[in-house]
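Participant: If you scroll down you'll find the structure; I have some questions about it.
The values are calculated or read from the model by the stated rules, or taken from the named source; none is laboratory data. Just so it is clear, the structure is predicted and the values come from calculations on it, not from any experiment. Because the Cβ atoms are built from the backbone with ideal geometry, glycine has one as well, and the counts that use them run over all protein chains shown. Side chains included, ligands, DNA and RNA excluded: accessible areas come from the protein's heavy atoms. Shrake-Rupley method; radii C 1.70, N 1.55, O 1.52, S 1.80 Å.
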Amino acid sequence: LGVIHGSREDKEYFAELDPVYVKFKSGGEAEVGKNFVVIRTIRKIFHPITGDFKGYYTRVLGTLQIVSMDERLATAYITSSMVEMKRGDRLMPWMPQLSKNVAPTPNSVELKGYIMDSKTILTSFGERNIVFIDQGTAHGVQEGNVFDVIRREDGLIELGDKTVDHWDKNLPAEIFGRVMVIDARPQASTGIVLASLRELRIGDRLLMALR
C-alpha cells in the first residue's frame with residue numbers, strides 16, 4: 001500500500017516508538033489512527049528440483065500507526081517491531097494476529113513434496129529452523145500437519161557435490177527428520193523443523209503420511 005519514505009530522526013534503522021514518514025500509493029489508504037503491517041521482501045523462491053519460480057519470501061517486521069497527514073506524506077509511529085525497519089520497507093493491510101500458537105493436527109491426506117528453501121541462507125539446517133515447503137492448502141495441507149523428511153542415499157557425499165537430489169532407488173528409504181507446518185498458504189507452506197537426525201538440506205524430499 002505504501003513505503004516508509006523517511007524520518008526526522010538521523011538514523012538508518014527504526015524500532016518501536018520511532019517516528020517515520022509514509023508515502024502511500026493511494027491517498028484513500030491513509031487515515032489518522034489507522035494501523036498497518038510493515039514488511040520486507042527478502043528474496044525470490046525457486047523450486048530446487050524444477051527451477052520454477054514459486055513466490056517470494058516476505059518477512060513481517062512490525063506495525064505502525066498513522067498520527068497525522070498532509071497532502072504528500074503521512075506521519076506514523078512504529079507501534080511494534082520484531083525486526084529493525086528502514087526506508088523503503090513496505091506497508092500492507094493490518095493483520096490483527098501476527099503471532100499464533102500452532103498445535104499438531106492429524107494428517108488428513110498423503111502428500112509428497114520438497115523443502116524449497118529456508119528462512120536463513122544456509123546450505124544445511126536443523127531443529128527449530130524455518131523452512132518453506134512446496135505443498136499448501138490447495139493440496140490438502142493444514143497448519144499443524146507433520147511431514148517426514150525422507151532420504152534414500154549413501155551417507156557419504158563427496159565434498160563439493162552440489163547435486164540437490166541424491167535419491168537412490170537401490171537403497172532403503174529412511175526418515176531423517178520431521179517438519180511441522182506453522183503457516184499454510186494455497187500453493188506453499190512454512191514449517192518448523194521439529195527433529196533432525198542429520199542436518200537437512202534444500203531439496204530434501206518430504207512425505208506426509210496418514211497417522
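Participant: Is one or more of the residues making up segment 71-84 touching a residue at least 24 places away in the same chain (Cβ under 8 Å) and among the acidic types (Asp, Glu)?
Facilitator: The answer is yes; a qualifying residue exists.
Participant: Also, quick follow-up: Which residues, counting only those in segment 161-187, are open to solvent by less than 50 Å² (accessible area, probe 1.4 Å), more than 18 Å from residue 45 (Cα to Cα) and among the small types (Gly, Ala, Ser)?
Facilitator: Of everything in segment 161-187, just one residue is open to solvent by less than 50 Å² (accessible area, probe 1.4 Å), more than 18 Å from residue 45 (Cα to Cα) and among the small types (Gly, Ala, Ser), namely 177.
Participant: Please find, within segment 188-211, the residue that is farthest from residue 113 (Cα to Cα) out of those that are surrounded by fewer than 13 Cβ atoms within 10 Å (Cβ to Cβ) and of a type outside the set (A, V, I, L, M).
Facilitator: 198
Listed here are the residues, each with its yes/no results for (1) in contact with a helix residue (DSSP H, G or I) (Cβ under 6 Å, 6 or more places away or on another chain); (2) within 30 Å of residue 66 (Cα to Cα); (3) open to solvent by less than 100 Å² (accessible area, probe 1.4 Å); (4) not in a loop (DSSP other than H, G, I, E, B).
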{"site": "78", "(1), (2), (3), (4)": "no, yes, yes, yes"}
{"site": "95", "(1), (2), (3), (4)": "no, yes, yes, no"}
{"site": "99", "(1), (2), (3), (4)": "no, yes, yes, no"}
{"site": "103", "(1), (2), (3), (4)": "no, no, yes, no"}
{"site": "109", "(1), (2), (3), (4)": "no, no, yes, no"}
{"site": "117", "(1), (2), (3), (4)": "no, no, yes, yes"}
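Participant: Okay, moving on. Looking for whichever is of a type in the set (Gly, Ala, Ser), loosely packed, with under 12 Cβ neighbours inside 10 Å and at positive phi here; the options are 88, 55. Which one fits?
Facilitator: 88
Participant: Could you figure out which of (1) within 18 Å of the chain's Cα centre (by Cα); (2) under 30 Å from residue 197 (Cα atoms); (3) surrounded by 11 or more Cβ atoms within 10 Å (Cβ to Cβ) isn't true of residue 128?
Facilitator: It fails just one condition, (3).
Participant: Here's another thing I want to ask about it. State all residues of segment 148-195 that are more than 17 Å from the chain's Cα centre (by Cα) and among the hydrophobic types (A, V, I, L, M, F, W, C); if no residue qualifies, say none.
Facilitator: 149, 150, 156, 157, 159, 164, 167, 171, 173, 175, 176, 195
Participant: Across segment 67-76, what is the total count of residues that are part of a strand (DSSP E or B), surrounded by fewer than 20 Cβ atoms within 10 Å (Cβ to Cβ) and not hydroxyl-bearing (Ser, Thr, Tyr)?
Facilitator: So the answer is 2.
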